[in-house]
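Here is the structure we will look at.
The values are calculated or read from the model by the stated rules, or taken from the named source; none is laboratory data. Worth saying up front: this structure is predicted, and the values here are computed from it rather than measured. Counting neighbours? That spans all protein chains shown, and the Cβs are built from the backbone with ideal geometry, glycine included.
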Amino acid sequence: MTADFFQKNLHVRAYNHNNHSENVGIGLLERESLYSDYEPMDTEENRDGQASEDSLIPGLYDDAAIDIFAWSCRSEYPNFACLNKKFKALIESGCLYNVRRQLGVIEHWIYLACILMPWEAFDPARQRWMRLPRMPCDECFTYADKESLAVGTQLLVFGRELSGFAVWMYSLLSHDWCRCPPMNLPRCLFGSSSLGEIAIVAGGSDKIGCIMTISRAL
């Protein structure tokens, strides 16, 4: 990690000394809740509230280090996860994404796939292409029409398998695909949007081609 990286990503924030103590306490509780999914190594230095050599960045408090990485491009996260077990645990915990939402960090990625090729993600900020693992779906799903929607840290892909409608989900945290439970009212060719970590689908048609007018939140 270069000095330039830290200069660009280290943001120091301080509370206003004129704030009431109870307001500062609330702020601290909100900050602590962001890191609840990440469990740092339990060392004597950490228990005493001091930065240690076992921290993510030696000599720096973990919450400060997490803020630094939250400001970095998320296309770099797989590289961070390869550094050691501590970074891998941090990336897979989802903690960084919680902090990014709190800080208002927004990145737009483009997901696309050709029929016989795996899904790919494109990071416009870094002009970087990333190939996702191949989806373990059947051949029918591969060739059928599909709808896709990015929600939170997940990519949802809707389509049809031999057994009927199916939904596959790719996780940015675990970097793998899993088959989701079917929708209560399965459909295809629908409109979609998202609100935070909620997927919203509207309209579309059912398995026999009847037009549906009911919206669903997933």
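Only one residue in Trp119, Trp168, Trp129 is within 27 Å of Cys73 (Cα to Cα), out of contact with any Pro (no Cβ under 8 Å at 6 or more places or on another chain) and without any contact (Cβ under 8 Å) to a residue 12 or more places away in the chain, so which one is that? So that I can check it myself, show each step before the final result.
Numbers: Trp119 fails: without any contact (Cβ under 8 Å) to a residue 12 or more places away in the chain; Trp168 fails: without any contact (Cβ under 8 Å) to a residue 12 or more places away in the chain.
Only one candidate passes the filter, namely Trp129.
With respect to His175, determine if the residue is surrounded by fewer than 17 Cβ atoms within 10 Å (Cβ to Cβ) and in contact with a helix residue (DSSP H, G or I) (Cβ under 9 Å, 6 or more places away or on another chain). Talk me through it step by step, then tell me what you get.
Details: surrounded by fewer than 17 Cβ atoms within 10 Å (Cβ to Cβ): yes; in contact with a helix residue (DSSP H, G or I) (Cβ under 9 Å, 6 or more places away or on another chain): yes.
The answer is yes for His175.
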Checklist entry - Within the range 73-90, is even one residue in contact with a strand residue (DSSP E or B) (Cβ under 7 Å, 6 or more places away or on another chain), in the same structural domain as Leu56 (by TED's automatic domain parsing) and touching a residue at least 12 places away in the same chain (Cβ under 8 Å)? => result yes
Checklist entry - Of all residues in the range 196-205, which are surrounded by fewer than 14 Cβ atoms within 10 Å (Cβ to Cβ) and either in contact with a Ser or Thr (Cβ under 9 Å, 6 or more places away or on another chain) or in a loop (DSSP other than H, G, I, E, B) (or both)? => result Gly196, Glu197
Item to check | Where Ile214 falls short, out of the listed (1) within 29 Å of Ile91 (Cβ to Cβ); (2) in contact with a Leu (Cβ under 8 Å, 6 or more places away or on another chain); (3) at pLDDT below 90 | outcome: (1)
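Keeping to the range 132-149, report how many residues are among the hydroxyl-bearing types (Ser, Thr, Tyr) and either touching a Ser or Thr at 6+ places or on another chain (Cβ under 6 Å) or within 19 Å of Ser205 (Cα to Cα) (or both).
Taking the range 132-149 as the starting set, the residues that turn out to be among the hydroxyl-bearing types (Ser, Thr, Tyr) are 142-143, 148.
Narrowing further to those that are either touching a Ser or Thr at 6+ places or on another chain (Cβ under 6 Å) or within 19 Å of Ser205 (Cα to Cα) (or both): 143, 148.
So the count comes out to 2.
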